[in-house]
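Chemist: Pasting a structure below so you can have a look.
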2 protein chains.
Amino acid sequence: MLTRSAKRLLGRTLPRYHNEAPLKPAHLSSILYLQRSNTPLNGDCSGLPKGISKKESFCGHRMHSTTGFRVAEPLQLGMTEMVPDLVPLPSDIRYDDLVITTSKRLQAKPRLDATTLKFGAVYTDHMLQVSWKDGLGWTAPSIDPLGPISLHPCAQVLHYAVECFEGMKVYKGKDGQLRLFRPEMNMDRLARSAARLTLPKFDKVELLECIKELVRVERDWVPDAEGFSVYIRPTMIGTHPFLGVGPTREAMLYVILSPVGPYFPSGLKPIKLYVETENVRAFSGGVGNYKIGGNYAPTILPQLRGSHLGCSQVRDLSITSLYHLVVALPESPFAARFPALSNAQH
Amino acid sequence: MLTRSAKRLLGRTLPRYHNEAPLKPAHLSSILYLQRSNTPLNGDCSGLPKGISKKESFCGHRMHSTTGFRVAEPLQLGMTEMVPDLVPLPSDIRYDDLVITTSKRLQAKPRLDATTLKFGAVYTDHMLQVSWKDGLGWTAPSIDPLGPISLHPCAQVLHYAVECFEGMKVYKGKDGQLRLFRPEMNMDRLARSAARLTLPKFDKVELLECIKELVRVERDWVPDAEGFSVYIRPTMIGTHPFLGVGPTREAMLYVILSPVGPYFPSGLKPIKLYVETENVRAFSGGVGNYKIGGNYAPTILPQLRGSHLGCSQVRDLSITSLYHLVVALPESPFAARFPALSNAQH
């Protein structure tokens, strides 16, 4: 299967490559396979350039990385031998390269019941994914049936939390139109979080176009009821299999969707807050201003403590929280905790 | 294949189950499959209890979790129908349950060259792995050929850094004996880190016995040269596929080994230190006293800054570092950075 951009390129010059000679079909099949380097190991090999057998192009890459570049490297070597001037430059994410494979087994949509539709527990049928490797850049993005991610046990994300994410929502208006809320600001923050962790840069406009395409593929999942929406979770992880703490050499960006109800199913009523005095969530010189995984794991235990006391949210007493107005009723069991607040204000 | 403990149990009572009736072979095959619940989807089904077809026991669990319990749940249901009193209690890690499958394709060992044997870039042929699920406990641990880990894209570890690890070493003495250095202290710290992230408890003595078995399987990897050793990396990750920030319901513990040379290949010479004044690594009320993933990702960028200035290590100026003696030579480009240290001491 040719990508849209590959079809367009036939017979033209290819600006992302060093040479500017018109492309021939033989080049195209090489480029196609470089772009489609997240082809699974059992993928269709009928388009392989002549002189490269299925065996040699797939051999020895089983443990190499997540989904990206398993096929790219041996093909690139083979290609360079055949077409010496055709050396690819690191490529960015391009909407025009997007390849869509729809699922043949669609799930039933969940009931729109705010009390049973738990946040983040139901996922739609497809995901967007794209892989990156230092020096080679991003592979062609693809929308595929939601499926497991295969990682080397030494992948950075599993040891050093090289991971960041975003939270966005798509709503269906009364006019039936789907709308995202300031998504370009989410792209900006994702890029800032990624840079803080040495995760790769990406073209924010092109990624957003790919996310919009995923939303279009899953448009039937967007609920038509007030307070309901589809939550969008772009995630970037460091997949480089290396136990040394060092900059990312391989990464993966993927986007999953989850239908959600109102954040507070009981409506905007007063809720019980647990005032956390031990765990400090954000601090000067820290990374609280980035949406990265490591900021979240330590908050689970305080949340459990609050939950055991019947509270639905945690009020963190870190420095930035002191501007909030907190009123403790004298009979409240939390009143005793406020000396800690006074201490922090000294 | 029966596990050692399964063989031992035939005809005896089984204390980990509620009923105390003597076991019959029919029960045993059920228990065996509960214990071996990390059997891959294409695993051998010849030992399945009668009345449960391969199809129904494997159906619908493709996306369920990492490697654990894919087979356990439907079998447990089937088993409960057949043997109503046989309800398993949550199980802990047990060395006696360990199942070893050795690799048929062993790698060549790396050359013992301190300048080329990079820390954490070479791995041995096998890994130890064991999965956990809330209410069911730990599966039987297994030593398997090193292979990829398959995760649901919503697994907690990929979003909220629900991950902790240990760093241990095994040395070969002049007498040819292999020795670990105070490994029980690593087990203690792993348990503390896990508890901080709501990751599960485990039997520390039994896990250590399993790690020792992994070391025995890989004994030929332990170098016989001064300064060289095999680094041991126990890792625990939250695998529960849930986007809400909440306590862990599924987890995986695995151990990988990596042959390493001396920490400073150039010997104990003076090194250049980069004095980091912006990023604060540890702070009062934070989680710097736990060996968790989120503490590491933010340190990569400061390390890169130092590396660009020709420094091989980073000296962090967080509160706990102020007890170190730092001397800046007046001609050093870092001398200008010391006002920050003075500020911190105020």
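The values are calculated or read from the model by the stated rules, or taken from the named source; none is laboratory data. These numbers were taken from a predicted model, which means no experiment stands behind them. For neighbour counting, all protein chains shown are included, and Cβ atoms are generated from backbone atoms with ideal geometry for every residue, glycine included. Ligands, DNA and RNA are stripped out before the accessible areas are found, and what is left, the full protein with its side chains, is counted by its heavy atoms. Shrake-Rupley method; radii C 1.70, N 1.55, O 1.52, S 1.80 Å.
Chemist: If only one of A:THR116, A:THR124 is at pLDDT 90 or above and in a loop (DSSP other than H, G, I, E, B), which one is it?
Modeler: A:THR124 is the lone residue from the list that is at pLDDT 90 or above and in a loop (DSSP other than H, G, I, E, B).
Chemist: Take A:GLU184 and decide whether it is touching a residue at least 60 places away in the same chain (Cβ under 8 Å), in contact with a helix residue (DSSP H, G or I) (Cβ under 7 Å, 6 or more places away or on another chain), surrounded by fewer than 23 Cβ atoms within 10 Å (Cβ to Cβ) and more than 14 Å from every other protein chain (Cβ to nearest Cβ).
Modeler: Judged against the criteria, A:GLU184 is not a match.
Chemist: Quick one: in segment B:281-300, of everything that is touching an Asp or Glu at 6+ places or on another chain (Cβ under 9 Å) and assigned to a loop (DSSP other than H, G, I, E, B), which residue is nearest to the other protein chains (Cβ to nearest Cβ)?
Modeler: Restricting to residues being touching an Asp or Glu at 6+ places or on another chain (Cβ under 9 Å) and assigned to a loop (DSSP other than H, G, I, E, B), the top hit is B:GLY285.
Chemist: Same structure again: Taking segment A:229-238 as the search range and keeping residues that are farther than 11 Å from A:VAL162 by Cβ and over 10 Å from the mean Cα position of the chain (by Cα), which one is farthest from the other protein chains (Cβ to nearest Cβ)? I'd like the intermediate steps shown before the answer.
Modeler: Quick first cut of segment A:229-238, residues farther than 11 Å from A:VAL162 by Cβ only: A:229-235.
Checking which are over 10 Å from the mean Cα position of the chain (by Cα) leaves us with A:229-231.
Working: A:SER229: 14, A:VAL230: 12, A:TYR231: 7 Å.
Per the criteria, the residue is A:SER229.
Chemist: Out of the residues in segment A:133-181 meeting the condition of being open to solvent by 60 Å² or more (accessible area, probe 1.4 Å) and under 26 Å from A:ARG249 (Cα atoms), tell me which one is nearest to the other protein chains (Cβ to nearest Cβ).
Modeler: A:PRO148
Chemist: Continuing with this model, one more query. Collect the residues in segment A:239-260 that are facing another protein chain (nearest Cβ under 7 Å) and not aliphatic (A, V, I, L, M), keeping them in residue-number order.
Modeler: Scanning segment A:239-260 gives A:PHE242, A:GLY244, A:GLY246, A:PRO247, A:TYR254, A:SER258.
Chemist: State the number of residues belonging to segment A:88-109 that are at pLDDT below 90, under 26 Å from A:GLY135 (Cα atoms) and open to solvent by 60 Å² or more (accessible area, probe 1.4 Å).
Modeler: 2
Chemist: On to the next question. Failed condition for A:ALA194, given (1) buried (at least 23 other Cβ atoms within 10 Å of the Cβ); (2) at the interface with chain B (Cβ under 9 Å from one of its Cβ atoms), with all others met?
Modeler: (2)
Chemist: Now for a separate question. Kindly indicate which of B:GLU278, B:GLU226 is at the interface with chain A (Cβ under 7 Å from one of its Cβ atoms), in a loop (DSSP other than H, G, I, E, B) and more than 29 Å from A:GLN313 (Cβ to Cβ).
Modeler: Details: B:GLU226 fails: at the interface with chain A (Cβ under 7 Å from one of its Cβ atoms).
The conditions single out B:GLU278.
Chemist: Oh, and also: Got at least one residue in segment B:201-217 being assigned to a loop (DSSP other than H, G, I, E, B), in contact (Cβ under 8 Å) with a residue 40 or more places away in the chain and of a type in the set (Asp, Glu)?
Modeler: Yes, some residue in segment B:201-217 is assigned to a loop (DSSP other than H, G, I, E, B), in contact (Cβ under 8 Å) with a residue 40 or more places away in the chain and of a type in the set (Asp, Glu).
Chemist: I'd like to know if segment A:264-275 contains one or more residues that are within 16 Å of the chain's Cα centre (by Cα) and open to solvent by less than 30 Å² (accessible area, probe 1.4 Å). Don't jump to the end; show me each part of the working.
Modeler: As a first pass, look at segment A:264-275 and keep what is within 16 Å of the chain's Cα centre (by Cα): none.
No, because not a single residue in segment A:264-275 is within 16 Å of the chain's Cα centre (by Cα) and open to solvent by less than 30 Å² (accessible area, probe 1.4 Å).
Chemist: Follow-up question, since we're still on this one. Kindly provide the set of residues from segment A:110-124 that are more than 11 Å from every other protein chain (Cβ to nearest Cβ) and open to solvent by less than 10 Å² (accessible area, probe 1.4 Å), ordered by number.
Modeler: Going through segment A:110-124, the residues more than 11 Å from every other protein chain (Cβ to nearest Cβ) turn out to be A:110-117, A:124.
Answer for segment A:110-124, where residues must be more than 11 Å from every other protein chain (Cβ to nearest Cβ) and open to solvent by less than 10 Å² (accessible area, probe 1.4 Å): just A:THR124.
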